[in-house]
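In what follows, a single structure is set out as structure tokens and then discussed.
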Amino acid sequence: MTLNRRNLSVLAVSAVAVPAIVRPAAAQGQGSGARVQEAVARFATLPSASCLVVADHPTAPWQASHMPAARLFIGSAVKTFILAQYLREVEAGRLSEDQQMRIDDSVRSLSSPVFLNLSGTTPARSVLEAMITHSDNTATDMALAAAGVDKVRALIAEAGLGSTQIPNSTRRLFSWLAGAPEGVDAGWEGVQRLVAAPPAGATRPALNDHQTMASTAADMVRWYRQALRGTCFKKPETLLEFKRIQAMADAIVHVVPPDTIAYAKGGSIEWAGFHCFSLPGQMIVGKVPVTFCFTINWTGPDDGVGAIFKSYVGAVADVLGEAAKAVG
């Protein structure tokens, strides 16, 4: 989810730096653990950084973190919950991945690289894949409406994620940020007008308590650790499908060590000087799950985003590379 609207007001998200924490469980892991800690410390120099890495090694588990309880904007990273709940509805026989879903202006949303100029029908499976692989917001709103926003929020509560929040839809989120009353969907034409020229003084920050995409590194790591064990699904084939689609996220290849199995969903935003990059997920090193979340929020000029993104990707890849060595 990426928008660039310079005329919207923003909220700066600040954080007080604290040391990274590593807890190796065996002496043999202390050398590699120190390198993970050093990599986390480098990530922590990024603006309003929060991260958590947990290695569930059977004999030497460890974790490394920097401000894992900081509630930040995580953007499209919340789409993992929509995927999971849709698949739970399939499991219960209420939905199908083969059913045709209609694409038109009644569901069209901003930042939809796959479906933005398309009209017609497509299988739900393609909708779910577009939501995760390309972060298509039209696909997201289609899947969320079918799964039910209340059911997705119930899943989040069931998983014990007390700091995680999703919007009623991406289009309602954009409408709210641009000044519409809470819960109002301005429609396809309306949201375009609102975002292009929001009413003076009516705009709102991306991180809020109403319509937002927010969580903590601790929540997201907790989610992936349980979801990828299949605790929220009843059938093995549902977990397999969840993994298949989560493995399609385009951010994975840029940060995970080569030839490493991984499942993730990233998020980002450019909202009038407010920016976010977030990547929660899990990689499998040998047979050891290494679950992670890396999020940064900051305010600054749009022309500086490219440099910060490069630093972010490099820092995340550095941490995950050292984490892989620590459990390899």
Inset, instruction - Select the helices (runs of 4 or more DSSP H) contained entirely in the range 91-206, then report the ones holding at least 3 residues which are surrounded by 23 or more Cβ atoms within 10 Å (Cβ to Cβ). - result: 124-133, 137-147, 170-177
Inset, instruction - Could you please give the count of residues in the range 292-311 that are surrounded by fewer than 24 Cβ atoms within 10 Å (Cβ to Cβ) and either of a type outside the set (F, W, Y) or outside any strand (DSSP E or B) (or both)? - result: 13
Legend entry - Residues that are farther than 22 Å from V221 by Cβ and of a type in the set (D, E), drawn from the range 271-328: D302, D303
Legend entry - Selection from the range 207-232 of residues that are within 13 Å of T80 (Cβ to Cβ) and touching a helix residue (DSSP H, G or I) at 6+ places or on another chain (Cβ under 9 Å): M213, S215, D219, M220, W223, Y224, A227, L228, C232
Legend entry - Matching entry among S109, S119 (being in contact with a Ser or Thr (Cβ under 8 Å, 6 or more places away or on another chain), of a type in the set (G, A, S) and in contact (Cβ under 8 Å) with a residue 12 or more places away in the chain): S109
Legend entry - Qualifying residue in the range 66-74 (condition: part of a strand (DSSP E or B), more than 25 Å from N137 (Cα to Cα) and of a type in the set (F, W, Y)): no
Inset, instruction - Answer with yes or no whether R88 is touching a helix residue (DSSP H, G or I) at 6+ places or on another chain (Cβ under 9 Å) and modelled with pLDDT under 95. - result: no
Inset, instruction - Tell me, please, whether a residue that is modelled with pLDDT of 95 or more, more than 26 Å from A154 (Cα to Cα) and within 15 Å of the chain's Cα centre (by Cα) can be found in the range 289-301. - result: yes
Inset, instruction - Name every residue in the range 148-169 that is small (G, A, S) and touching a Lys or Arg at 6+ places or on another chain (Cβ under 8 Å), in order of residue number. - result: A159, G160, S163
Inset, instruction - Count, please, the residues in the range 273-318 that happen to be under 13 Å from L46 (Cα atoms) and aliphatic (A, V, I, L, M). - result: 7
Inset, instruction - Evaluate the following for T212: is it within 20 Å of the chain's Cα centre (by Cα), without any contact (Cβ under 8 Å) to a residue 40 or more places away in the chain and either closer than 17 Å to L72 by Cα or part of a loop (DSSP other than H, G, I, E, B) (or both)? - result: no
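The values are calculated or read from the model by the stated rules, or taken from the named source; none is laboratory data. Given the structure is predicted, the values throughout are model-derived calculations rather than measurements. Positions of Cβ are backbone-derived with ideal geometry, glycine not excepted, and every protein chain shown enters the neighbour counts.
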